[in-house]
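Presented below is the structure to which this report refers.
The values are calculated or read from the model by the stated rules, or taken from the named source; none is laboratory data. All values derive from a computational prediction rather than experimental measurement. Here the Cβ positions follow ideal geometry from the backbone for every residue, glycine too, while neighbour counts run over all protein chains shown.
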Amino acid sequence: MREENFATNFSSFHEYYYLCLHPYYHVRLKLIIFVVSKSLESLSLTFLKNKIMIKKLHFRSIISVITILPLIFLNVINAEAQWTAVRFDSTNTFHKVYAVSANTAFVIGTQPVTNEYFMLRTNDGGDIWDWIQFNSVVDTFVLTSLHFTDANNGFVGGIKNNMQVLLKTIDNGDSWNEISPNPAAPDYITSVYFVNDQVGFASDSYHLYKTINGGTSWVTEIPPFTIQDMHFDDMNNGIVTGNDGSITAVVNKTTDGGQTWNTLLTGHDPNLFVSSFTKIDVVSPTVFFTSMDYAKNIYRTVDAGLTWDSIAVDSVEYVGDFDFISADLGHILGVVMSVNEYKLLITSDGGQSSTMEYTTGWNFYGGGVVMNSISFPGETGFAAASNGLIKKYTASISGIDKVISNEEIFIHPNPASEKITIYTANISSLEIYDALGKLMFSMPTENKLASDLTVDVSGWNAGIYFVKKTSESNVTSGRFLKE
């Protein structure tokens, strides 16, 4: 394992040189050039807005000025830009990212030429990435699925030497042990979901494997459909996406650990011979999102699957990935394949409208960049791409103000360990539930007109919690991670 500090990589300046040429920042750049040109020998500036202090910088040549411009520019635009590069090595391809918190994230990648799979890990928000090696002299891995219950306990699946493999870590990825449900099978582990470090599920698309002892032993169920993704609240209650075995996409629910299933949603894209629902994003006990392979619609339910909205995402040809923080607030990775463009969008109304925050069409990192995956455990998230690119999203206070409406919920910090503050409006009632549906908090009557509410969660168990707000006209939900 080796550490790689992005700050020492000169390629990190690449984005900012391109930004300097972008029309949006042209006025800022001209201002910087004007100020720098006024004093090449001695420069003392204070940018009060961004709290930047630069004193007595001596430039001996024009090259020195050119070299430092991106550094100044970086700080100027950081107050505006919310997606920033935290790694850009130009070579590796990053396929999947799983963010546990704002600081801890794991990324599956492949090296060029050899296509060797590896993993990157950060525990400091992306400043330093640790390289985790899997291949050895005798073992060759292909990694296709990734899930963590917390910063220490995680699972990665795929194949090893062309046979099924599922690996488990209990020490933040420093070491991995094999817990494969069926190591003699030639099928990839395509999805994995653990409720905690002991209770979990895995699938090779055709089988549902379940364990109650951390993978020491497994029970196998054979569902009458193929599985793409899954989410389980406990050993019995879960939701999966996939295909019904013919041409129809399905979202199915089980209340007995996969022995029997009820269909919540079906769909078929007439432009495709076979349709399949891909990711399932469970925001709360009643709010779920899913999408279909190579289609531009997101499907949302706010009543636990009784009814669904089919929402076409503007300005994209299909949805590559998505992650929602509440019933309305979320991020979407959209694809315009006809021009090989990938967009990172934010929405505050469940996808009915969206704002583009980044596009590969700007060519900051050269042509041909492919965005593959996004992950948001809270307000901060990560995106994985080709060309050695990993981007990080950080919500600024101004950005929050732009997104929040009277019906929205914003929870800060997220993840949290001691206290959370819930920012919202038009409150009639507010409740917090754990993943099993147990009521953990109910808003006192005297706080009903408050615009924000602070809750002490220090004594709660680690895990995901769901916030339900009721107003006179709507029910809104959010979630946060207790560390």
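Looking at (1) touching a residue at least 24 places away in the same chain (Cβ under 8 Å); (2) closer than 26 Å to Phe376 by Cα, can you tell me which one Asn152 breaks? Only one criterion is unmet by Asn152, namely (1). Condition check for Ile400 on (1) in contact with a Phe, Trp or Tyr (Cβ under 9 Å, 6 or more places away or on another chain); (2) at pLDDT 80 or above: one failure, at (2).
If you go through the range 109-118, how many residues are closer than 10 Å to Phe141 by Cβ and not hydroxyl-bearing (Ser, Thr, Tyr)? Spell out how you get there, then give the answer.
Quick first cut of the range 109-118, residues closer than 10 Å to Phe141 by Cβ only: 116-118.
When the remaining residues are screened for being not hydroxyl-bearing (Ser, Thr, Tyr), the result is 116, 118.
The number of residues fulfilling the criteria is 2.
Please specify each residue of the range 266-284 satisfying the condition of being part of a strand (DSSP E or B) and either more than 26 Å from Asp434 (Cβ to Cβ) or touching a helix residue (DSSP H, G or I) at 6+ places or on another chain (Cβ under 6 Å) (or both). Across the range 266-284, the qualifying residues are Thr266, Gly267, Phe277, Thr278. If you go through the range 442-450 one residue at a time, do you hit one that is at pLDDT 70 or above and either closer than 21 Å to Ala327 by Cβ or assigned to a strand (DSSP E or B) (or both)? Yes.
Evaluating Asp303 against the criteria (1) over 25 Å from the mean Cα position of the chain (by Cα); (2) on the phi < 0 side of the Ramachandran plot; (3) not in a strand (DSSP E or B) leaves one unmet condition, (1). Quick check: is even one residue across the range 309-324 buried (at least 23 other Cβ atoms within 10 Å of the Cβ), under 19 Å from the mean Cα position of the chain (by Cα), part of a loop (DSSP other than H, G, I, E, B) and not assigned by TED's automatic domain parsing to the domain that holds Asn414? Yes, there is a match, as at least one residue in the range 309-324 is buried (at least 23 other Cβ atoms within 10 Å of the Cβ), under 19 Å from the mean Cα position of the chain (by Cα), part of a loop (DSSP other than H, G, I, E, B) and not assigned by TED's automatic domain parsing to the domain that holds Asn414. Could you run through the range 251-265 and say how many residues are without any contact (Cβ under 8 Å) to a residue 40 or more places away in the chain and part of a loop (DSSP other than H, G, I, E, B)? Qualifying residue count, the range 251-265: 5. Within the range 334-368, the only residue that satisfies the criterion of being more than 24 Å from Tyr299 (Cβ to Cβ), surrounded by 21 or more Cβ atoms within 10 Å (Cβ to Cβ) and without any contact (Cβ under 8 Å) to a residue 40 or more places away in the chain is Thr360. With respect to being at pLDDT 95 or above, closer than 21 Å to Lys482 by Cβ and either surrounded by fewer than 19 Cβ atoms within 10 Å (Cβ to Cβ) or touching a Cys at 6+ places or on another chain (Cβ under 6 Å) (or both), Asn161 falls outside the description.
Residue under question is Val107, and the condition is that it be of a type in the set (Val, Ile, Thr) and closer than 24 Å to Phe376 by Cβ; does it hold? Break it down into steps so the answer makes sense when it comes.
Details: of a type in the set (Val, Ile, Thr): yes; closer than 24 Å to Phe376 by Cβ: yes.
So Val107 passes the test.
Yes or no, residue by residue, for (1) in contact with a Pro (Cβ under 7 Å, 6 or more places away or on another chain); (2) of a type in the set (A, V, I, L, M, F, W, C); (3) at pLDDT 95 or above; (4) crowded, with 17+ Cβ neighbours inside 10 Å:
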site: Tyr117; (1), (2), (3), (4): no, no, yes, yes
site: Leu120; (1), (2), (3), (4): no, yes, yes, yes
site: Asn123; (1), (2), (3), (4): no, no, yes, yes
site: Asp127; (1), (2), (3), (4): no, no, no, no
site: Phe134; (1), (2), (3), (4): no, yes, yes, yes
site: Asp139; (1), (2), (3), (4): no, no, yes, no
site: Thr144; (1), (2), (3), (4): no, no, yes, yes
site: Asn153; (1), (2), (3), (4): no, no, yes, yes
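Restricting attention to the range 202-254, the residues being within 19 Å of Pro186 (Cα to Cα) and at pLDDT below 95 number 0. Tallying residues that are among the polar types (S, T, N, Q), closer than 23 Å to Pro285 by Cβ and either modelled with pLDDT of 85 or more or in a strand (DSSP E or B) (or both) within the range 403-441 yields 2.
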